Amino acid sequence: MIMRKLNISRRILIPILVLVAIVPVVAADVIYYYSGVVNIYSTSSPLTISVGPNGVVSLPSGKGYYIDVTTTPANSFTADINITDSSYDYFYEAVTLTASSTLNLYITNVSYSYTSTTNPITNAWIIIESSTGGYNGEFKVISSGSAVSSPSSVITLTSGTYYIGILIQPNTPLPSPSSSSIATFTVYFGDNVVTSTVAVPLPPT
C-alpha cells in the first residue's frame, strides 16, 4: 500500500516539475507613480566671474604666459598656469568675483588628474581676498597629491569685489618644460543663498 502511494505521488510530482521547468516564473510587481511639475524661470546671478587684474601675465619672451585666464558667460573660468621647481607658486588676483548680494561660498566638488610620470602637485589652495587686499579665507582643493573629497567650509562674503588666488605647492623636481599640460584640477563653487551653515555637494552629473 505504501509503495503504491509513493508511485502515485511520483506520477503526480513529475508532471508538475516538468510544467515548472517549461513555464517561466512571473514576478509580481506593484508600482505607484507620482508626478510633480517644475516651472522654470530665470534670475540674475548673485555672483559674476571675470578675469582678474593679474589674470593674464606674459612670459618675458612674449611667447606664452605665466598665467592666462579666460571666462565664459556661464560664470566659469579656465586658468592656464606655469609652475616651476619652487616651494610654492602663487597666482595672485587671478580671477575677479563680483558679489551682488551676500554670498555663502564654498567648494562643492574637486577632480584632479595628471599626465606626467610623477604627480606634480602636493597641495593646492583657492585663496579668496577682497579688492582692498584683505584676506577672506581659503579652500584646500588638493591635499597630499589627491583631490579633496568633501565640501569645504563656507566663506561668507558681503556684496562687493573679491579676487581668487591660486596657490600651488609643487612636488619637485617637476618634469621638463613642455607645451602640454602636466595636470588639471577642476573645482565647483557653490553659493548657498539660504544659509551659511550647510555646504551641499554637487550631485553626480
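The values are calculated or read from the model by the stated rules, or taken from the named source; none is laboratory data. Note that the structure is a prediction, hence the values are computed from the model and not measured. Backbone-built Cβ (ideal geometry, glycine too); neighbour counts: all protein chains shown.
Can you tell me how many residues within region 136-155 are modelled with pLDDT of 95 or more, at negative phi and hydroxyl-bearing (Ser, Thr, Tyr)?
2
Scanning for something of a type in the set (A, V, I, L, M, F, W, C), within 26 Å of Pro151 (Cα to Cα), surrounded by 12 or more Cβ atoms within 10 Å (Cβ to Cβ) and at pLDDT 95 or above, does region 53-66 turn up at least one residue?
No.
If Ala183 meets every condition in (1) surrounded by fewer than 14 Cβ atoms within 10 Å (Cβ to Cβ); (2) within 23 Å of Thr84 (Cα to Cα) apart from one, which number is that one?
Just one mismatch for Ala183, condition (1).
Among the residues of region 139-154 satisfying the criterion of being part of a strand (DSSP E or B) and in contact (Cβ under 8 Å) with a residue 24 or more places away in the chain, which is surrounded by the most Cβ atoms within 10 Å (Cβ to Cβ)?
Only one residue fits best here, namely Val141.
Mind counting the residues in region 56-77 that are touching a residue at least 12 places away in the same chain (Cβ under 8 Å), within 22 Å of the chain's Cα centre (by Cα) and outside any strand (DSSP E or B)?
The total comes to 1.
If the requirement is being in contact (Cβ under 8 Å) with a residue 24 or more places away in the chain, more than 27 Å from Thr197 (Cβ to Cβ) and either exposed (fewer than 12 other Cβ atoms within 10 Å of the Cβ) or touching a helix residue (DSSP H, G or I) at 6+ places or on another chain (Cβ under 9 Å) (or both), which of these qualifies: Asp85, Asp80, Asp89?
Every option except Asp85 fails the conditions.
Would you confirm whether any residue within region 184-195 is among the small types (Gly, Ala, Ser), in contact with a Phe, Trp or Tyr (Cβ under 9 Å, 6 or more places away or on another chain) and closer than 14 Å to Ile107 by Cα?
Within region 184-195, one or more residues are among the small types (Gly, Ala, Ser), in contact with a Phe, Trp or Tyr (Cβ under 9 Å, 6 or more places away or on another chain) and closer than 14 Å to Ile107 by Cα.
Report whether or not Ser116 is at pLDDT 95 or above, over 22 Å from Ser196 (Cβ atoms), touching a strand residue (DSSP E or B) at 6+ places or on another chain (Cβ under 9 Å) and surrounded by fewer than 19 Cβ atoms within 10 Å (Cβ to Cβ).
no
Counting only residues that are assigned to a loop (DSSP other than H, G, I, E, B) and either of a type in the set (Ser, Thr, Tyr) or at pLDDT below 95 (or both), how many does region 83-113 have?
Residues meeting the conditions: 7.
How many residues, within region 180-205, are under 19 Å from Ala74 (Cα atoms) and not in a loop (DSSP other than H, G, I, E, B)?
Of the residues in region 180-205, 7 are under 19 Å from Ala74 (Cα atoms) and not in a loop (DSSP other than H, G, I, E, B).
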